[in-house]
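To start, the structure itself, in structure tokens.
The values are calculated or read from the model by the stated rules, or taken from the named source; none is laboratory data. Remember, predicted model here, so these are calculated numbers, not experimental data. Reconstructed Cβ throughout: ideal geometry from the backbone, glycine too, with neighbour counts over all protein chains shown. We work out accessible area using only protein heavy atoms, side chains counted, and drop any ligands, DNA or RNA first. Shrake-Rupley method; radii C 1.70, N 1.55, O 1.52, S 1.80 Å.
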Amino acid sequence: MDKNELTRRQLLATASLGTIAAVSPNIPAYANITKKAAKLAILGGEPVRKNKTWPRWPYWDDNVVDSVVKTTKSRIWCRIQSKSGTVPTFEKKFAQMIGAKFCVATGSGTQALHTCVEALGIGAGDEVITSPYTDPGTIASILAARALPVLADLDRESYQLDPEDVERRITENTKAIMPVHMMGQPCNMEAICQIAKKHNLKVIEDACQAHLAEYQGKKPGTIGDLGCFSFQSSKTIACGEGGAIVGNDEELMDKCYTVHNHGTSRRGRTEVAGPKYRMNEFEAAVLLGQLSGVQERFARRNKNAAYLTSRLKDIPGIVPQKLYEGTTSGSFYIYATTYRKEHFNGADRSKFLKVMSAEGVSLSPYIRQGLHKEPWIDHILTQKVYKKMFSEKRLQRYREENQCPNCDKVCQEMAMIWASGPLLGTKEDMANIADAIEKVYENRDKLNSI
Ligand SMILES: *Cc1c(COP(=O)(O)O)cnc(C)c1O
């Protein structure tokens, strides 16, 4: 092979399909030329993506800065100082955006979830069924109320709770289901709500990743009894640390306010045991400053996700997250795929991720193991409250049944993109992701020698 030929090949490998087709009709399309696959960057070839950055996250612009400055100068730094401060204003706007009647802002998503558990009167001796494949905050909210988190297995393709396994794990102590909309895409709420209704259970939606997604005409957070959001830095609406509860039942939402306000109601009476979980005015100032462009950013993430999915559908071995029927938009906090190594010459995921990273596209394995495998279980089973409130037989069964084989597989096969910033990129950015995966797929015979 002469030098010119090599240069031409390298050029072709790095250009996008669109560019090649536009330059010359004589040059075969990417898919054809790469039958003799372009050399992997890890082996000295040209990376698909070079010297380019992704849109950064968290997002800010002058609106955000101005809003924080305004709050600083107003000296209204705490929500109880004014009914028209940033926190009450944000609560109204967020409820409206989500399609809920009421909203109570909190200091984090975990605080929002814990407040709901307490407001529903769930505590010691009660059980709440949730997912092992989630942020630790999900179970922390149940443990903070001294209730028992019971972890049900996943659907392997959607990474969401498997409703059938949820139903199998219901006991006489079960009070609620806490479905998690993982990656920001709606879980199977239709089936979960049916089960909840049949067994007279409450539903607290963990929508901490799922702002503004849509399922069967409703937004996650408004489908169950109560819904919770997080505004932690990485989330698609962010203020550092922050959270919110939404709901339509006025009495219950009033109870949430009371619980989150150290047990003190809007009427000024200290009525119940409660933590102090109020959002501060600076956090809400950041959120309000961010709301103006938020719909456009969600639309862009959805458009980019749709394009990426359309490109990936022809690559065996990289399977995008399954979405449930009725999902009309996602939040795309994470763009998630399953890596099936049998289509990549049996190469381990770690090898695939390393080779992808050399191509300039970093994918992450995300959660390394499900919460059912973390040591908190040993910790709580030595605690007096659990030993006293549950029979020995129940705790023994709890331990024995604490297995989620589908979750284990999901943890082994996940290959995802942190999408809050990157999915705000251009179509070319998305093409880079798909091209890199395509290139690695075409070089799959070389993966095992790396
Ligand atoms: C982020 C997150 C939480 C916790 O929210 P914080 O604001 O970090 O407390 C809970 N559940 C899920 C699914 C999350 O992604």
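When you look at Ala284, is it more than 13 Å from Ala415 (Cα to Cα) and among the hydrophobic types (A, V, I, L, M, F, W, C), yes or no? Yes: the conditions hold for Ala284.
Name every residue in the range 153-164 that is within 15 Å of the ligand (Cβ to nearest atom) and within 13 Å of Leu371 (Cα to Cα), in order of residue number.
Leu154
Scanning the range 204-218 for residues that are surrounded by fewer than 21 Cβ atoms within 10 Å (Cβ to Cβ) and either of a type outside the set (Gly, Ala, Ser) or touching a helix residue (DSSP H, G or I) at 6+ places or on another chain (Cβ under 7 Å) (or both) turns up Glu214, Gln216, Lys218.
Okay, residues lined up against (1) assigned to a loop (DSSP other than H, G, I, E, B); (2) among the hydrophobic types (A, V, I, L, M, F, W, C):
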{"residue": "Arg146", "(1), (2)": "yes, no"}
{"residue": "Ser158", "(1), (2)": "yes, no"}
{"residue": "Asp165", "(1), (2)": "no, no"}
{"residue": "Glu172", "(1), (2)": "yes, no"}
{"residue": "Ala176", "(1), (2)": "no, yes"}
{"residue": "Pro186", "(1), (2)": "yes, no"}
{"residue": "Glu190", "(1), (2)": "no, no"}
{"residue": "Ile195", "(1), (2)": "no, yes"}
{"residue": "Val203", "(1), (2)": "no, yes"}
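Looking only at the range 231-271, which residues are open to solvent by 50 Å² or more (accessible area, probe 1.4 Å) and over 30 Å from Pro422 (Cβ atoms)? Asn248, Asp249, Glu250, Glu251, Lys255, His262, Arg266, Arg267, Gly268, Arg269, Thr270, Glu271 - these are the residues of the range 231-271 that are open to solvent by 50 Å² or more (accessible area, probe 1.4 Å) and over 30 Å from Pro422 (Cβ atoms).
Tell me, yes or no, whether the range 324-347 has at least one residue that is free of Cβ contacts under 8 Å to residues at least 12 places away in the same chain and more than 22 Å from the chain's Cα centre (by Cα). Taking every residue of the range 324-347 in turn, none turns out to be free of Cβ contacts under 8 Å to residues at least 12 places away in the same chain and more than 22 Å from the chain's Cα centre (by Cα). The set of residues in the range 325-380 that are within 16 Å of the ligand (Cβ to nearest atom) and basic (Lys, Arg) contains only Arg368.
For the range 42-62, a residue qualifies if it is more than 26 Å from the chain's Cα centre (by Cα) and open to solvent by 70 Å² or more (accessible area, probe 1.4 Å), and the qualifying residues are Leu43, Lys50, Asn51, Asp62.
Every residue, every condition in (1) open to solvent by 10 Å² or more (accessible area, probe 1.4 Å); (2) touching a residue at least 24 places away in the same chain (Cβ under 8 Å); (3) under 18 Å from the mean Cα position of the chain (by Cα); (4) closer than 18 Å to Cys407 by Cα, yes or no:
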| residue | (1), (2), (3), (4) |
| --- | --- |
| Ala105 | no, yes, no, no |
| Ala112 | no, yes, yes, no |
| Asp126 | yes, yes, no, no |
| Leu148 | no, yes, no, no |
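Just one of the listed residues (Gln209, Gln216, Gln194) is polar (S, T, N, Q) and within 16 Å of the ligand (Cβ to nearest atom), namely Gln209. Residues in the range 63-90 that are among the hydrophobic types (A, V, I, L, M, F, W, C) and crowded, with 17+ Cβ neighbours inside 10 Å: Val64, Val68, Ile76, Val87, Phe90. Within the range 151-173, being open to solvent by less than 10 Å² (accessible area, probe 1.4 Å) and out of contact with any Ser or Thr (no Cβ under 6 Å at 6 or more places or on another chain) holds for Leu151, Ala152, Leu154, Ser158, Tyr159, Gln160, Val166. Considered as a group, the residues in the range 137-146 that are under 22 Å from Ala244 (Cβ atoms) and more than 11 Å from the ligand (Cβ to nearest atom) include one that is surrounded by the most Cβ atoms within 10 Å (Cβ to Cβ), and that residue is Ile142. Applying the selection to the range 340-369, what residues are under 13 Å from Val410 (Cα atoms), buried (at least 17 other Cβ atoms within 10 Å of the Cβ) and touching a Gly at 6+ places or on another chain (Cβ under 7 Å)? Listed by number, the list is empty, since nothing qualifies.
Leu252 meets each of the listed conditions (1) of a type outside the set (S, T, N, Q); (2) on the phi > 0 side of the Ramachandran plot; (3) outside any loop (DSSP other than H, G, I, E, B) apart from (2).
Of all the numbered requirements in (1) over 14 Å from Glu438 (Cβ atoms); (2) more than 22 Å from the chain's Cα centre (by Cα); (3) free of Cβ contacts under 8 Å to residues at least 60 places away in the same chain, Asp314 misses one, and that requirement is (1).
Could you check the range 95-108 and list, in sequence order, the residues that are in contact with a Leu (Cβ under 8 Å, 6 or more places away or on another chain) and under 13 Å from Met279 (Cβ atoms)? Result: no residue meets the conditions. Scoring Thr236 on the criteria (1) part of a helix (DSSP H, G or I); (2) touching a His at 6+ places or on another chain (Cβ under 9 Å); (3) closer than 21 Å to Thr110 by Cβ leaves a single failure, condition (1).
Taking the criterion of being closer than 21 Å to Gly227 by Cβ and either touching a Gly at 6+ places or on another chain (Cβ under 8 Å) or not assigned by TED's automatic domain parsing to the domain that holds His114 (or both), the residues of the range 254-289 that qualify are Cys256, Thr258, Val259, His260, Asn261, Gly274, Tyr277, Arg278, Met279, Glu283, Ala284, Leu287. Filtered by the rule that a residue be more than 20 Å from Val166 (Cα to Cα) and assigned to a helix (DSSP H, G or I), the range 357-379 gives Ser357, Ala358, Trp376, Asp378, His379.
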